[in-house]
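Worksheet: the structure to be examined is printed underneath.
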Number of protein chains: 2
Amino acid sequence: MRATNQQPSAAIVGTGVIGVGWIARFLAAGYDVTATDMAEGAEARMRRGVEQAWPYMQQRGLAEGASLDRLTFTDTVKEAVSKAELIQENVPEREDIKRKVLADIDEHARADAVIASSTSGITPSTLQQDCRHPERFLVAHPFHPVYLLPLVELVGGTSTLQQTIDKAEDIYKQAGMKPLVIEKEVEGHVADRLMEALWREALHIVNDGIATTEEVDAAIIYGAGLRWAQMGPFMTFHLAGGEQGMRHMLHQFGPALKLPWTKLEAPELTEELKEQVIEGSEKGAGPQTVAELEQQRNEFLVKLLDLVEEYWPEPQTIMNNRKKEPTHDG
Amino acid sequence: MRATNQQPSAAIVGTGVIGVGWIARFLAAGYDVTATDMAEGAEARMRRGVEQAWPYMQQRGLAEGASLDRLTFTDTVKEAVSKAELIQENVPEREDIKRKVLADIDEHARADAVIASSTSGITPSTLQQDCRHPERFLVAHPFHPVYLLPLVELVGGTSTLQQTIDKAEDIYKQAGMKPLVIEKEVEGHVADRLMEALWREALHIVNDGIATTEEVDAAIIYGAGLRWAQMGPFMTFHLAGGEQGMRHMLHQFGPALKLPWTKLEAPELTEELKEQVIEGSEKGAGPQTVAELEQQRNEFLVKLLDLVEEYWPEPQTIMNNRKKEPTHDG
């Protein structure tokens, strides 16, 4: 329980790239942050990383009282976690290491602390086994760069209390994030499964000699990537279906799921799955018509195109490397 | 051959959503555009569509002399295509229909015209079979909304001349697009295969009850989607690998390809594929260090976050629908 006049405090255990991202994010949100990492030279590397991230946090806007001076490094997990209301574990992605460190955190944490693991792949029920108080543990999986990308996936294990998820949701929201609560434990959670499917297909495309890595990247950034910053795959298809939205879309393009286009086998498009997808998309659209959503998307895309052109890859490295002399008037 | 004082001219055959997108794009690029479509009421629908797109074209910037008045609708393919230097076919995605229409276009087109099909799935060698002059035919596959998204995939068939690809590349570039030449004909080309892999995994996730359609969308837009507007999957992983880039990344995360995370089986990560991916990523990075690329990415993300927040889904429809009373001080 923290007194209302006290500053919020977070402990970051493991200060690699992900740990550094969490430190920058919580400092920017006005937290006292205590960090720890056993590796040789960890503190200096960590401080350099946080300093590099800081100008971007300043541009995004700092909470009142936020300061780099409120960062402390300590040598032991015990010292790092004892006062924190949120403890974020980011040690190497190995079950044995994580379970050992989490048991250590569990022993020294405040009774009312939330203990979160940044694991991208291991399920919370696996990780919380050695804790005496597993009810306050959950997975909170962020995305690189953690200090800028808002997504964090929250997943509870079999012993996690709903109250822990609720508290975590509040804390990450206060740190400017978009917590996504996932109801079912699966390896890779949700976002990494989606990314991994695209990544595997990308590797197949390179492996089969269809396109180079640069061409695959170009095929994403100049097309779907522009839409995905604002609209996910379901809403994108909802808009592609015209006034009838996803209902029309599934009718028209559902059969493409049978095509051997990708190496991934699609699920059977049962009536039940169809209804789930259609109702979900309509709910996602909210009270807005497809025409209104299209207008928003277009306004966004126009502004995004102006912005992104400055940051796209240098023309000499993509696209133009094939350029021959113009034969246009030939 | 066009005289230098003449306006460039394009013919659009089939004026559904994709055809309308092409019309708006070529009009904005200063072309005379002639459109045709056999469907009842096609002209009125087409004109409404182009008028809706036009304000966004104006915001993006019009070429000198670009005007909605330079759009003509005709009843026959013959009239539509006879003067055009580029003919873009966008009739329904059925091989028999497309082949018939393309043979008709081929009969009436100028000798030096480029004939392109917008097909998303059918290979050019299949489509060009009934043409007397298949050497001037290629697939030019755009992305919705065609008038805003710059990607267009160019694929030649077995009878396509390199000169045709080169001319098409010039034309689409002049229309503000990013043509991506794909060397190998495969169903779905490249971008749709990547999107389809993600889409199939998304359907599995919904089907398996792991997340709803809204949650899948959120898992994209608040995370990877923000990066993909500026950087594809290979360059993203190159940056995630620290100073050693993709080489370190494949060493560290290559084994994840063996995990049964997604329904898609990954290719074997052979030494040859590794080298292809590493060299490609290093080439894509160009002379810039990973640190420099990270700085660019961060600058972009900061600006993008400011922009995109205004356009993200309404909070009541995503994320907050689970929100309980705060239990933070409990």
Subject >> Unique match (being of a type in the set (Val, Ile, Thr), closer than 19 Å to B:Glu294 by Cβ and in the same structural domain as A:Gly176 (by TED's automatic domain parsing)) among A:Thr74, A:Thr34, A:Thr15 >> reply: A:Thr15
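A quick yes/no check of all residues on (1) more than 26 Å from the chain's Cα centre (by Cα); (2) among the charged types (D, E, K, R); (3) crowded, with 19+ Cβ neighbours inside 10 Å:
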{"residue": "A:Trp22", "(1), (2), (3)": "no, no, yes"}
{"residue": "A:Tyr31", "(1), (2), (3)": "no, no, yes"}
{"residue": "A:Glu43", "(1), (2), (3)": "no, yes, no"}
{"residue": "A:Gln52", "(1), (2), (3)": "no, no, no"}
{"residue": "A:Asp69", "(1), (2), (3)": "yes, yes, no"}
{"residue": "A:Pro92", "(1), (2), (3)": "no, no, no"}
**OP:** Return yes or no: is B:Leu307 surrounded by fewer than 24 Cβ atoms within 10 Å (Cβ to Cβ), closer than 30 Å to A:Asn298 by Cα, more than 8 Å from every other protein chain (Cβ to nearest Cβ) and among the aliphatic types (A, V, I, L, M)?
**Re:** no
Original post:
Given (1) at the interface with chain B (Cβ under 7 Å from one of its Cβ atoms); (2) surrounded by fewer than 24 Cβ atoms within 10 Å (Cβ to Cβ); (3) among the polar types (S, T, N, Q), where does A:Thr270 come up short, assuming only one miss?
Top reply: (1)
Subject >> Residue, farthest from A:Met246 (Cα to Cα), within the stretch B:169-191, restricted to residues that are in contact (Cβ under 8 Å) with a residue 60 or more places away in the chain and facing another protein chain (nearest Cβ under 7 Å) >> reply: B:Val186
Original post:
Applying the selection to the stretch A:37-76, what residues are farther than 15 Å from A:Gly176 by Cα, touching a Lys or Arg at 6+ places or on another chain (Cβ under 9 Å) and not small (Gly, Ala, Ser)?
Top reply: A:Asp37, A:Leu68, A:Leu71, A:Phe73
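Got at least one residue in the stretch A:94-109 being part of a loop (DSSP other than H, G, I, E, B), out of contact with any helix residue (DSSP H, G or I) (no Cβ under 7 Å at 6 or more places or on another chain) and surrounded by fewer than 18 Cβ atoms within 10 Å (Cβ to Cβ)? Let's see the steps before the verdict.
Kept after step one, since they are part of a loop (DSSP other than H, G, I, E, B), are these residues of the stretch A:94-109: A:94, A:109.
Within this subset, residues satisfying the condition of being out of contact with any helix residue (DSSP H, G or I) (no Cβ under 7 Å at 6 or more places or on another chain) are A:94.
Then keep just the ones that are surrounded by fewer than 18 Cβ atoms within 10 Å (Cβ to Cβ); that gives A:94.
Yes, because at least one residue in the stretch A:94-109 is part of a loop (DSSP other than H, G, I, E, B), out of contact with any helix residue (DSSP H, G or I) (no Cβ under 7 Å at 6 or more places or on another chain) and surrounded by fewer than 18 Cβ atoms within 10 Å (Cβ to Cβ).
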Original post:
Of the numbered conditions (1) at pLDDT below 95; (2) surrounded by 15 or more Cβ atoms within 10 Å (Cβ to Cβ), A:Gly61 satisfies every one except a single condition; which is it?
Top reply: (2)
**OP:** Run A:Asp208 past the list (1) within 7 Å of another protein chain (Cβ to nearest Cβ); (2) free of Cβ contacts under 8 Å to residues at least 12 places away in the same chain; (3) among the charged types (D, E, K, R) and report the number of the one that doesn't hold.
**Re:** (1)
Subject >> Wholly enclosed strands (runs of 3 or more DSSP E) of the stretch A:113-163 bearing at least 3 residues aromatic (Phe, Trp, Tyr) and within 14 Å of A:Lys98 (Cβ to Cβ) >> reply: none
Subject >> Verdict on A:Glu51 being part of a loop (DSSP other than H, G, I, E, B) and closer than 25 Å to A:Pro150 by Cβ >> reply: no
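The values are calculated or read from the model by the stated rules, or taken from the named source; none is laboratory data. Everything numeric here is computed off the predicted structure, so don't read it as measured data. So basically every Cβ, Gly included, is an ideal-geometry build from the backbone, and we count neighbours across all protein chains shown.
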